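Report on one structure; see the data block that follows.
The values are calculated or read from the model by the stated rules, or taken from the named source; none is laboratory data. Here the structure is a predicted model, which means the values were calculated and not measured. Cβ atoms come from the backbone with ideal geometry, glycine included; neighbour counts cover every protein chain shown. Calculation scope for accessible area: heavy atoms of the full protein, side chains included, ligands and nucleic acids excluded. Shrake-Rupley method; radii C 1.70, N 1.55, O 1.52, S 1.80 Å.
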Amino acid sequence: MIGFIASLPLLVKLIVGINYAFAGYMYIAPPVIIVADIEQEAINIAPIIVIDTEVFYSDKFDNVLRVEYGKYLQSAYYTPVGRFIISLLADGWQMLFNTDNFLLKDIYDNIDILAPPKIIIIGDLKFPYIRGIL
Amino acid sequence: MIEFMVGLPTWIKLAIGINLLWTSTFWIIPEPIIIVTEFEHGAVNFGNIVVVTPSIYDVEDTWKAYVLAHEYVHFLQTSLLTPMINGPLYSICALYSNIASGNQWDANPFEQQAIDWGDKLTFNPHLVIRF
């Protein structure tokens, strides 16, 4: 194990380090919420949650925020890269066996105890480059 | 999992968060900072920092190579286990080793691994501070 870790390329070590840094931040601090015009209702990228402007001003906001916060907690627990890999497995499992997505099910089962976080909202800003990526 | 995370006390979240942030530094700067200064214990690892005495560091021989590699293994152990797990675990093993063998090395798996890998690894430090 020691030899393996020592021989890892610098890029891999950097990715592991940034992954740990994000997870550490997510245990300590609330998510950064960005309100922007995006095609989905919301997306979650490590400690950043981007919520669509339309959703932000609608009645759905509280529920969408709770779901995204649930994903945020899962990312802290599994680390962002870990949750991404598990979410791929969950999607695959859902498609193969026609069952609920276990990650999302965990969130929806506990939606009532997910208190909307103390949030940092950087909004009502426009991020055309975010839309461009998506 | 959500229930578990929501139920965690704030101080535990803080401890885990600090531990993970600290661990991230081991991976983002993937080698210890070597401090060369007069030091009675020869060489010791303190997480991201290795303190080594000039009488070892300034002499280019196999002993220096071994000592640096040995301390680098301790750095790697910490990056794997995270500092807040590695520290207490090392202390328990050192205590056990002291009881079992009379010193902190002979029955301490952390030290035995570092001794074992000290001869196999090569570590050329880039971050050296001299006092």
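What about B:Ser79, is it within 14 Å of chain A (Cβ to nearest Cβ), out of contact with any Ser or Thr (no Cβ under 9 Å at 6 or more places or on another chain) and open to solvent by less than 10 Å² (accessible area, probe 1.4 Å)? When the stated conditions are applied, B:Ser79 does not pass them. Out of the residues in the stretch B:1-30 that are buried (at least 19 other Cβ atoms within 10 Å of the Cβ) and closer than 14 Å to B:Val50 by Cβ, state the one that is farthest from the other protein chains (Cβ to nearest Cβ). Among residues in the stretch B:1-30 that are buried (at least 19 other Cβ atoms within 10 Å of the Cβ) and closer than 14 Å to B:Val50 by Cβ, the one farthest from the other protein chains (Cβ to nearest Cβ) is B:Phe26. Looking only at residues in the stretch B:52-74 that are in contact with a helix residue (DSSP H, G or I) (Cβ under 9 Å, 6 or more places away or on another chain) and over 10 Å from B:Ala114 (Cα atoms), the one that is nearest to the other protein chains (Cβ to nearest Cβ) is B:Leu68.
For the stretch B:51-86, give me each residue that is under 16 Å from B:Glu111 (Cβ atoms) and in contact (Cβ under 8 Å) with a residue 40 or more places away in the chain.
Matches in the stretch B:51-86: B:Tyr66, B:Val67, B:Leu68, B:Ala69, B:His70, B:Glu71, B:Tyr72, B:Val73, B:His74, B:Phe75, B:Thr78.
Out of (1) open to solvent by 10 Å² or more (accessible area, probe 1.4 Å); (2) under 22 Å from A:Leu103 (Cα atoms); (3) away from chain B (no Cβ under 14 Å), the odd one out for A:Tyr25 is which? Every listed condition holds for A:Tyr25 apart from (3).
Tell me, which residue of the stretch A:53-98 that is charged (D, E, K, R) and touching a Ser or Thr at 6+ places or on another chain (Cβ under 9 Å) is farthest from A:Leu14 (Cα to Cα)?
We begin by selecting, within the stretch A:53-98, every residue charged (D, E, K, R); these are A:54, A:59-60, A:62, A:66, A:68, A:71, A:83, A:91.
Narrowing further to those that are touching a Ser or Thr at 6+ places or on another chain (Cβ under 9 Å): A:71, A:83.
Values: A:Lys71: 24, A:Arg83: 18 Å.
Per the stated criteria, the residue is A:Lys71.
Can you confirm whether the stretch A:28-46 contains a residue that is facing another protein chain (nearest Cβ under 7 Å) and touching a residue at least 12 places away in the same chain (Cβ under 8 Å)? Show your work before the answer.
Here is the first cut: in the stretch A:28-46, the residues facing another protein chain (nearest Cβ under 7 Å) are A:28.
Narrowing further to those that are touching a residue at least 12 places away in the same chain (Cβ under 8 Å): none.
No, the stretch A:28-46 contains no residue that is facing another protein chain (nearest Cβ under 7 Å) and touching a residue at least 12 places away in the same chain (Cβ under 8 Å).
Filter the stretch A:1-20 down to residues that are more than 7 Å from every other protein chain (Cβ to nearest Cβ) and touching a residue at least 40 places away in the same chain (Cβ under 8 Å) and give me whichever is farthest from B:Pro32 (Cα to Cα). In this case the residue turns out to be A:Asn19.
When A:Tyr108, A:Tyr57 are checked against the criterion of being open to solvent by 80 Å² or more (accessible area, probe 1.4 Å), modelled with pLDDT of 85 or more and closer than 18 Å to A:Ala42 by Cβ, A:Tyr108 stands alone in meeting it.
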